[in-house]
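Please treat every number below as a calculation from the coordinates, not as lab data. Quantities reported herein were computed from a predicted structural model and do not represent experimental measurements. Positions of Cβ are generated from backbone atoms using ideal geometry, with glycine treated the same way; all protein chains shown enter the neighbour counts.
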Amino acid sequence: MIEISFTMVLQWINFGILLFFLTKVLYKPLLNVLDKRRALVEGELAEAKKKKDDAQEILREYEQRLGDLRSEGRKIIDDARRQAVLEKDKILDSASMEAKLILENARLEMEAQATVARDEIKRQVAELVVDCASKVVEREVREEDHQKYIEDFITRVK
């Protein structure tokens, strides 16, 4: 059997006192420091989670804005393309109308010049005919006869 001696009892009492002092002096302050550290770490983790959630929300907002801006940019580009096509068609129509007008003016001018040229040719031919006729007849044709010959010739040429 185990004999309990006075020394053993004193050792147990010393061990109890030492355990009591270590608990009061080291263990409880160490637990308090560890609890504070755990609370600080948990607080920082919660704050980090909150910041992460906030960052993800901001990222979603930016992605939404980016998507909106892209669609708006596509819309602006499409509108600009439509405007460019309309402007091109307008310019082509204007150029076509201007070309038609230029061609019509050129045709009218050519007709006018042709008419002037025909009249000039008729006048010159009439003068030649009168000159020839006056040489053939060897007499001078009077102005009235001259006018009558010109009118006859013009009616025959037509």
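Calculate for the chain the 222 nm mean residue ellipticity that helices alone would give, adding -39,500 (n - 2.57) per DSSP H run of length 4 or more and normalising by residue count, nearest 500 deg cm²/dmol. Show your work: numbers first, answer last.
On the way: 3 runs with 142 residues, N = 158.
So the helix-based figure for the chain works out to -33500 deg cm²/dmol.
Give me the dipole magnitude in Debye, nearest 20, for the chain about the Cα centre, with unit charges on the beta carbon: positive for Lys and Arg, negative for Asp and Glu.
Numbers: 29 positive and 32 negative charges, 342 e Å.
It works out to roughly 1640 debye.
Report the gain in length on full extension from LEU66 to GLU144: 0.36 nm times residue separation, minus Cα-Cα distance, nm rounded to one decimal. Let's see the in-between values first.
Numbers: separation 78, 0.36 × 78 = 28.08 nm, distance 9.61 nm.
Stretched out fully, the LEU66 to GLU144 stretch lengthens by 18.5 nm.
Which Rg and Dmax, in Å, describe the Cα atoms of the chain?
60.6, 189
Total Lys pairs in segment 6-111 closer than 27 Å by alpha-carbon, pairs eight or more apart in sequence or interchain only?
Final tally of qualifying lysine pairs is 10.
Among LEU69, ILE102, ALA117, whose Cα sits farthest toward the positive end of the charge dipole of the chain (+1 at Cβ of Lys/Arg, -1 at Cβ of Asp/Glu, about the Cα centre)?
Highest projection toward the positive end goes to LEU69.
Within segment 8-32, find all residues whose amide N lies under 13 Å from a label point positioned 7 Å from the Cα of ARG38 along Cα-to-beta-carbon.
What the label zone holds, given the 13 Å backbone N cut-off, is 30-32.
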